[in-house]
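Heads up: the structure comes next, in C-alpha cells.
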Amino acid sequence: MKSKTLYILFFFSVLQLFSCKEKETDLLAFNSEVLKSETLSTDQKVSMLLDRMTLEEKIGQMNQYNGFWDFTGPEPKGGEAAQKMDNLKKGWVGSMLNVTGVKDVRAVQKIAVEESRLGIPLIIGFDVIHGYKTISPIPIAEAASWDLEAIKNSAQVAALEASAAGINWTFAPMVDISRDARWGRVMEGAGEDPYLGSKIAIARVEGFQGTDLSSPSTIAACAKHFAAYGFAEAGRDYNTADVGTSTLNNIILPPFKAAKDAGVKTFMNSFNDLNGIPATGDTYLQRTVLKEKWNFDGFVVSDWGSIAEMIAHGYAKDGNHAAELAVNAGSDMDMESHLYVNELASLVKQGKVDEALIHDAAGRILKVKFELGLFDDPYKYCDEAREASVIGSQSNLDEVLDVAKKSIVLLKNQSNLLPLSKKGKKIAVIGALASDKTSPLGNWRLAAENNSAVSLLEGLKAYSKNTITYAKGADVVTGKTEFVSELTINTTDTSGFNEAILTAKNADVVIMALGEHGLQSGEGRSRANIGLPGVQQQLLEAVYAVNKNIILVLSNGRPLTITWAAQHIPTILEGWHLGTQSGNALAQVIYGDYNPSGKLPMTFPRSVGQVPLYYNFKNTGRPTIPGSDLVFWTHYTDEENTPLYPFGFGLSYTTFSYENLTVLNTYTKNKEVTVTVKVTNTGKTKGKETAQLYLRDMYASVTRPVRELKGFKQFMLQPGESKKITFTLTDKELGFFNNQEQWVIEKGAFEVFVGGDSATKNKAEFAL
Ligand code: BGC
C-alpha cells in the first residue's frame with residue numbers, strides 16, 4: 001500500500017474515534033480525500049465508506065424504488081410517496097428506476113447527494129432493452145443478424161442515448177435461452193442457442209459498458225433473468241421451471257457466464273421457481289454458482305417485487321421471512337418489494353441475518369457506483385446540452401438502420417419475386433401493420449414516442465417510383481394497446497376485405513404486412529396459439545385467391561406457425577419488429593439495395609403442438625427411421641417432427657455452395673481440430689453468408705444433442721467468388737458439463753456439419 005494511502009487510512013480512523021457523528025467539514029474532507037482519491041483503490045474506498053455507514057444506511061443502498069414522484073414538482077405530502085421521499089433523504093435508497101431525463105434525474109440525485117447524511121449518489125436504472133428513444137430492432141431480431149459488431153453498435157447507441165438522459169444502468173441484456181415460442185419474452189432474448197446466445201451476450205455487454213465504465217456515455221449492464229426464466233413450463237410467463245443439471249449447465253447458464261466474463265456489472269434474478277426454489281431465494285444460483293464458482297464481484301438485483309412474490313410461491317411465510325431468504329441467498333438489491341428497507345435491520349438485530357452479508361451486498365453496490373464515476377461527479381449523466389444533441393441524432397438513426405436491415409430474414413423466394421424493381425410496378429400494399437408507425441417499435445421501448453417509426457408504407461414509397469396503393473384489409477388489434485393486460489384482437493371485422501381484394505386484383509405484386517402487433521409479445525404476453533392473430537389468415541387467403549404474386553412481410557416477436565403461407569405464398573420476409581427505421585430497412589431489402597443476410601435464431605414450428613421444438617434435441621432411443629411406416633418411434637401421428645424453418649435458416653438473393661469439408665485432427669498433438677470448407681457464391685449478386693459449424697458427440701457419459709452450434713463465420717462473396725473458411729475446435733467447443741457439473745472432454749467419435757443452417761447435410765467425421 002502506498003504511504004499516502006496509509007496516511008489517509010490512519011487519518012480517518014483517528015477522526016472517527018473522536019467523532020461519532022459526522023460534522024459537515026469532516027464529510028467534505030472525506031469526500032475529497034477519500035472518495036475522489038486517485039491513489040486509493042476502489043475496494044479501499046468502498047471499505048472506508050462502509051466503515052462510516054450505519055446498518056440502516058447500508059441496507060438503504062440495497063433498496064431500489066420505482067420513480068414515485070415528479071421530482072421537479074412540489075414534494076409529496078402524505079402516503080407512500082412521502083414515506084419514500086423521507087427514506088431518500090435519510091440515505092435509505094440506493095437506486096431508483098424509471099426516472100428519466102436530465103431534469104428529473106438531476107432533481108432526484110440532488111436530494112440523495114445534498115440531503116442525505118453521507119450524500120451517496122443513486123444509481124439510476126431503466127429498461128433500455130433495444131434503444132432509448134432511437135429504437136433498434138427487438139433483440140430476437142438483432143440476433144437474426146448474427147452480426148456481433150452490428151449488435152454491439154446497437155447497444156452502444158442505446159447506451160449513448162440513455163446516458164444522455166441521465167440513466168447509468170440498463171436492465172439488459174436479457175440472456176435467457178428459450179425453446180418455447182409461446183413465451184412472449186422470446187422477443188427480448190437471442191433465441192434458443194447457448195453458443196449464439198453467449199456471443200450476443202458479450203456483444204451487448206461490451207456495447208452498453210464500453211471499455212470505460214466511467215465515461216459519461218457508457219452505462220452498467222445487467223444479465224437477466226438468473227436463471228431458467230425462459231424455461232417457464234408451457235411458455236406461460238412467470239411459470240415454474242423444472243430443469244435438470246445437464247440442461248441448466250449446458251444450455252441455460254452459458255450466456256450468463258459469458259456475460260460475467262465480459263465484465264457485466266450486475267445480474268438480475270428471476271420470477272420463476274427453479275426445481276422448487278424461487279430464483280430470488282436460490283442460494284445455489286446466486287451464491288454457489290455466481291459469486292463463488294464464477295467469482296462475480298458485481299451485485300444482484302431482484303426482479304420487480306420478486307422478493308415479496310416468494311410468499312405467493314409458497315416459499316416464504318411472510319415479508320420478513322422473504323427478506324431473510326432473499327438476502328441470505330445472495331440477492332443484493334430489492335427492486336420494489338420494500339422488504340429490505342423495512343425488515344432487514346430487525347433481522348440483523350435478531351441474529352437471523354449476518355451483518356457481514358449486508359456489508360458485502362452494500363459494498364458490491366457501492367463498488368459499481370464508484371466504477372461509474374458517480375462519486376467523482378454524481379451529475380455526470382446530467383448534461384442538458386448532450387441530452388439535446390445525442391438523442392435521436394442522425395448517426396444513431398444510421399446505426400439502427402444498419403442493424404435493422406441485417407436482421408431481416410428471407411424465408412422463401414420462389415421464382416425470385418424479390419428483389420422488386422424500383423419503377424414501373426403497380427404494387428398493392430395490404431395489412432394494418434403496413435401503415436402502423438408504433439407497432440414496429442416492438443415491446444420494451446418505454447421512452448420512445450408512439451408513431452415514431454418509419455412505416456413499411458412510407459419506406460416503400462420513399463425508395464421507389466412504383467405506383468403504390470394501400471388497403472388496410474383488417475385491423476390486427478383494436479382499442480388500446482398500451483398497459484392493458486389483454487389486447488383486443490380483431491377476430492370478427494372483415495369489412496375491409498373487399499377493398500383489399502379489389503386493390504390486390506389490379507396490382508402486379510401484392511405486399512402483405514401481417515403478423516403480431518408490437519405489443520403482442522413481451523412480458524406477460526404469452527400466447528397459446530402462435531398463428532397469425534385475428535382475421536389475418538382469412539385475409540391472406542382471400543387476397544391469394546385473386547392475386548398469387550404475394551410478398552408476405554411478417555412482423556412478430558416470436559416464431560409463428562405460418563404453415564399455410566409457407567406452402568402457398570411465393571415470397572416470405574421475416575421482418576420482426578425492426579424499430580425506428582423499420583420501413584427503410586424493409587424497403588432496402590425489398591428493392592435489393594441490401595441483399596438479405598439474416599438467419600433464424602429460433603426454430604419455426606409447423607404447429608404449436610410441436611413446441612418446444614429446437615434444433616439441438618436429443619436423438620432418443622427411437623429416432624426417425626426414414627421412409628418407415630412403423631408406429632413405435634418418437635413422432636406425432638398428425639404432424640411431422642421437422643420444423644417449418646430450422647434454426648440458422650435464411651436465404652439470400654444469391655446462392656452459396658459448400659464443398660470440400662475437411663477435418664485436420666491434431667488433437668493429440670495440440671488439442672485442436674481444424675475444420676475447413678470451401679464456400680462459393682453460385683448466384684449473380686454479391687451476398688453475405690453465415691457459415692455455421694455444428695458438432696455431434698456420438699456417445700458420451702451424458703447423452704449429447706444431435707447437433708450443437710460451435711462456430712460461425714460471416715463473410716461477403718462476389719458472384720462466382722470462393723473462400724476457404726476455417727474453424728478451430730478446442731476443448732471449449734469439444735467438451736460439455738457432465739452431471740457432476742464438471743467440464744469434460746470425452747474420447748470417441750464426432751460428426752461435424754458445416755453449412756448455411758442447422759439442417760445442413762455437409763458432414764465429416766473425426767474421433768478424439
Ligand atoms: C421485468 C424485468 C424488468 C423489470 C423492471 C420486470 O417486470 O421482468 O425484466 O427489468 O420489470 O422494469
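The values are calculated or read from the model by the stated rules, or taken from the named source; none is laboratory data. From a predicted model like this one, the values you see are computed outputs, not experimental measurements. Neighbour counts are summed over all protein chains in view; Cβ atoms, including those assigned to glycine, are modelled from backbone coordinates with ideal geometry. To get the accessible areas, we keep the full protein, side chains included, count just its heavy atoms, and leave off ligands, DNA and RNA. Shrake-Rupley method; radii C 1.70, N 1.55, O 1.52, S 1.80 Å.
Measuring max minus min along each principal axis, the C-alpha atoms of the chain give extents of 87, 63, 49 Å (largest first).
Computed from the Cβ-Cβ distance with R0 of 56 Å, the FRET efficiency linking Glu751 to Asp377 stands at 0.50. Bridge orientation summary for region 400-610: considering DSSP beta bridges with both residues in this region, about 25 percent are antiparallel. Residue pairs exceeding 31 angstrom between C-alpha atoms, taken from Lys260/Lys723; Lys437/Lys548; Lys406/Lys461; Lys426/Lys723; Lys412/Lys710: Lys260/Lys723; Lys426/Lys723. Highest mean packing comes first when the peptides 498-504, 572-578 are listed by Cβ atoms within 10 Å, giving 572-578, 498-504. Of the beta bridges in the chain, as assigned by DSSP with both residues counted there, near 55 percent are antiparallel. Sorting the segments 162-169, 635-642 by their mean number of nearby beta carbons within 10 angstrom, highest to lowest, gives 162-169, 635-642. Normalised per residue, the accessible area of region 401-477 is 38 Å², obtained with a 1.4 Å probe and no contribution from ligands, DNA or RNA.
Per residue, region 556-604 exposes an accessible area of 14 Å² to a 1.4 Å probe, with every protein chain left in place. Straight-line cross-link partners of Lys77 among the aspartates and glutamates, defined as a Cα under 18 Å from its Cα and at least 8 positions apart when in the same chain: Asp86, Glu115.
Of the residues Tyr658, Tyr315, Tyr591, the one with the largest accessible area comes first in the ranking Tyr315, Tyr658, Tyr591, computed with a 1.4 Å probe on protein heavy atoms. Listed by chain and number, the aspartates and glutamates whose alpha-carbon sits under 15 Å from that of Lys671, ignoring those within fewer than 8 places in the same chain, are Asp731, Glu733, Glu746. In plain terms, the bigger the Kirkwood radius, the slower the diffusion; for region 405-541, with that radius from Cα pairs, at 4 °C and 1.567 mPa s, Stokes-Einstein puts D at 80 µm²/s. Considering only the Cα atoms of region 656-767, their convex hull presents on average a projected area of 6.9 nm². For Leu420, the residues whose modelled amide H falls within less than 5 Å of its own, excluding neighbours fewer than 5 places apart on the same chain, are Tyr591, Gly592. Less than 5 angstrom separates the built amide H of Met512 from those of Ile430, Ile551, Leu552, Val553, all sequence-distant by 5 or more or on a different chain. Database remark: amide H of Asn272 closer than 5 angstrom to the amide H of Ala279 (H placed geometrically; neighbours at sequence offset of 5 or more, or on other chains; Pro and chain starts carry no H). Estimated purely from DSSP H runs of n ≥ 4, each contributing -39500 (n - 2.57), the mean residue ellipticity at 222 nm for the chain is -8500 deg cm²/dmol once divided by its residues. The phi torsions of region 549-557, fed into the Karplus equation with coefficients 6.51, -1.76 and 1.60 and a -60° offset, translate into couplings of 7, 10, 9, 8, 9, 8, 10, 5, x Hz, rounded to whole numbers, with Gly and Pro shown as x. 3J(HN,Hα) along region 165-179: 9, x, 8, 10, 8, 10, 8, 7, x, 7, 10, 5, 7, 9, 10 Hz, from the Karplus curve 6.51 cos²θ - 1.76 cosθ + 1.60 with θ = phi - 60°, whole Hz, x for Gly and Pro. The length gained by stretching the chain between Ala388 and Thr662 to full extension, at 0.36 nm per residue less their Cα-Cα distance, is 93.1 nm. Subtracting the Cα-Cα distance of Ser495 and Thr25 from 0.36 nm times their residue separation leaves 161.7 nm of extension gain.
Each residue of region 276-284 was assigned a 3J(HN,Hα) from its phi angle through the Karplus expression (A = 6.51, B = -1.76, C = 1.60, θ = phi - 60°), giving x, 10, x, 3, 5, x, 8, 5, 4 Hz with x at Gly and Pro.
Computed from the Cα positions only, the extents of region 486-564 along the three principal axes stand at 42, 23, 18 Å, in decreasing order.
The slack between Asp70 and Val744, meaning 0.36 nm per residue of separation minus the straight C-alpha distance, is 237.1 nm.
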